[in-house]
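The values are calculated or read from the model by the stated rules, or taken from the named source; none is laboratory data. Just so it is clear, the structure is predicted and the values come from calculations on it, not from any experiment. Quick reminder, even Gly has a Cβ in these numbers, built from the backbone with ideal geometry, and neighbours come from all protein chains shown. These accessible areas exclude ligands, DNA and RNA; they are computed on the full protein's heavy atoms, side chains included. Shrake-Rupley method; radii C 1.70, N 1.55, O 1.52, S 1.80 Å.
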Amino acid sequence: MKRGCVWVILLVMPVRSAAPSYVQRQTAAVRLSENARVRAALDWLGNNLPWVNDTQVRLTEIPAPPFQEEARAAAVREILEEANQSVHSDKIGNVIGELRGTSENEIILLSAHMDTVFPSGTNVKVHRDGDRMMAPGISDNGTGIAALVAIARALQSAHVKPQRTILFAGNVGEEGEGNLRGMRELVETYRSKLKAVVVLDGSGIDHVTTRALASRRLEATVTGPGGHSWSDFGMPNPINALIRGSVRFINTKVPYGPRTTFNIGQIEGGTSVNSVPYEAKIKVDIRSENEGELGRLESALRESIAAGVRDEMEPPRDRSKGALEWKVDLLGSRPGGELSADSPLLAALRAADEFIGNQSRVERSSTDANIPLSLGIDAISIGAGGTGGGAHSMQEWYDAAGREAGLKRALLTVLGIAGVAEEKAR
Ligand SMILES: [Zn+2]
């Protein structure tokens, strides 16, 4: 017998005008989880934790240094295709799978960055001991990427049809000098339809990042003629000048509130121990809760480097042998922004938290969510469950115990904001 079907929209999103009460939020999550298909998707996650763990190990072991994410992207693409999504790659290397909703004009983006901070050649072999895994990049962002493809598979195997179209993006360029280029491209491409962005980054379920921390990355370079350590003694030395300038810079006073920080993260230069160098560089990361403080700190860096060069050109030695030049370049800039406290996206996250019996604190951080937030598009960044530590170090670790709660939290948040169309027999 042929059965006619009609898609009925379950409105699970709270109204925007007022922050929903505890009861409303709880009702939203319970209603969502009472949908048989949503329940089946949640069950899929619970029943396939070994697959999620294995997938995390497999993807982490494919190196993805900055600007070299292709191999990992190809593997992510394969998994999304296995989840029956129509998948494409954009011109900068993002992989985008689509779960079409009843409304194609409204898009929810679920993303996880694929890149790591580790250079090419880093040993990324994962050491496993039960639920515990160790490798550079295992948590940041092996956890997020594994959760992204797991949620895609869970929704596919349970035949969940969302109201709004959900895009699953493995994106490039989140770390360091990637300067959020993957997310910038995604937001630019889908901006007119984009209703919310959920970023999966790292582990844990203890926080939700709703405030985007503004930051800038700068490179200071000092150059000179260079020469021989003995015969050209007195020649102004770019390393000396940079050290003099750096000492001035790190003595800059920064306020506790708005919290403002700086870090000289890389230093390079020189030719050999017996050469006066012709070049020296530092890379500096500055962050603040206030854009104005960022500007002040950037000026302080420029003034310090200029003063360091001046100091190096001073007597007591004869400096007539050559002059130094300096410059400070902006390598990247991440804009700030903030999710409104009554946003439906935050309500969906809170509802998911209540469903899994979790309480999470609101955080300010620098993530892919900076880009949509800076443009007024609702966005959050959350961990994808389990626990991890040692991010950006060779001792990075992840423990998958309890990851199920994080996976369910992410799935319910996305469905909470996308809405679910329920198939009903007529
Ligand atoms: Zn990350």
Practice problem: Identify the single condition in (1) under 22 Å from the mean Cα position of the chain (by Cα); (2) assigned to a strand (DSSP E or B) that Arg128 does not satisfy, given that it satisfies every other one. | Solution: (1)
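Which ones in region 238-251 are open to solvent by less than 30 Å² (accessible area, probe 1.4 Å) and assigned to a loop (DSSP other than H, G, I, E, B)?
Taking region 238-251 and keeping what is open to solvent by less than 30 Å² (accessible area, probe 1.4 Å), we get 238, 241-242, 245-246, 249.
Correct list: empty.
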Quiz item: Within the set of pairs 6+ apart or on separate chains, which have a first residue in region 122-147 that is at pLDDT below 95, a second that is crowded, with 24+ Cβ neighbours inside 10 Å, and C-beta atoms under 7 Å apart?
Solution: Asp131/Ala400
Quiz prompt | Filtered residues of region 167-209 (kept if part of a helix (DSSP H, G or I) and away from the ligand (no atom under 12 Å from the Cβ)) | solution = Glu177, Arg181, Arg184, Glu185, Leu186, Val187, Glu188, Thr189, Tyr190
Exercise. List every residue pair whose Cβ atoms sit under 6 Å apart, with the two residues 6 or more apart in sequence or on different chains, where the first one lies in region 87-109 and is over 12 Å from Leu148 (Cβ atoms) and in a strand (DSSP E or B) and the second, anywhere, is open to solvent by 10 Å² or more (accessible area, probe 1.4 Å) and of a type in the set (Gly, Ala, Ser).
Key: Glu98/Ser86
Quiz item: Which condition number does Ser333 fail, the rest of (1) of a type in the set (S, T, N, Q); (2) in contact with a strand residue (DSSP E or B) (Cβ under 9 Å, 6 or more places away or on another chain); (3) within 20 Å of Ala154 (Cβ to Cβ) being met?
Solution: (3)
Quiz item: Taking into account only those residues within region 185-203 that are of a type in the set (Lys, Arg) and surrounded by fewer than 20 Cβ atoms within 10 Å (Cβ to Cβ), which is farthest from the chain's Cα centre (by Cα)?
Solution: Lys193
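Residue-by-condition table, conditions (1) over 22 Å from Met183 (Cβ atoms); (2) open to solvent by 80 Å² or more (accessible area, probe 1.4 Å); (3) modelled with pLDDT of 95 or more:
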| position | (1), (2), (3) |
| --- | --- |
| Cys5 | yes, no, no |
| Ala36 | yes, no, no |
| Ala41 | yes, no, yes |
| Asn47 | yes, yes, yes |
| Leu109 | no, no, yes |
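Output the residues belonging to region 125-138 that are of a type in the set (A, V, I, L, M, F, W, C) and open to solvent by 20 Å² or more (accessible area, probe 1.4 Å).
Of everything in region 125-138, just one residue is of a type in the set (A, V, I, L, M, F, W, C) and open to solvent by 20 Å² or more (accessible area, probe 1.4 Å), namely Met134.
Kindly establish whether Asp206 is open to solvent by 20 Å² or more (accessible area, probe 1.4 Å), more than 11 Å from the chain's Cα centre (by Cα), within 14 Å of Ser381 (Cβ to Cβ) and charged (D, E, K, R).
Values: open to solvent by 20 Å² or more (accessible area, probe 1.4 Å): yes; more than 11 Å from the chain's Cα centre (by Cα): yes; within 14 Å of Ser381 (Cβ to Cβ): yes; charged (D, E, K, R): yes.
Against the criterion (open to solvent by 20 Å² or more (accessible area, probe 1.4 Å), more than 11 Å from the chain's Cα centre (by Cα), within 14 Å of Ser381 (Cβ to Cβ) and charged (D, E, K, R)), Asp206 qualifies.
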Self-check item: Selected residue (criterion: farthest from the ligand (Cβ to nearest atom)) from residues of region 131-166 that are over 12 Å from the mean Cα position of the chain (by Cα) and charged (D, E, K, R)
Solution: Lys161
Quiz item: For region 300-325, which residues satisfy the criterion of being open to solvent by less than 60 Å² (accessible area, probe 1.4 Å) and either at pLDDT below 85 or not in a loop (DSSP other than H, G, I, E, B) (or both)?
Solution: Ala300, Leu301, Ser304, Ile305, Ala306, Ala307, Gly308, Val309, Asp311, Glu312, Arg319
Quiz item: within 16 Å of the ligand (Cβ to nearest atom) and open to solvent by less than 60 Å² (accessible area, probe 1.4 Å): does that describe Val95?
Solution: no
Quiz item: Restricting the first residue to region 151-166 and requiring it to be assigned to a helix (DSSP H, G or I), which pairs with a second residue that is surrounded by fewer than 23 Cβ atoms within 10 Å (Cβ to Cβ) meet a Cβ separation below 6 Å and a spacing of at least six or different chains?
Solution: Ala152/Ala83; Arg153/Ala83; Ala154/Trp44; Gln156/Ala83; Gln156/Asn84; Ser157/Trp44
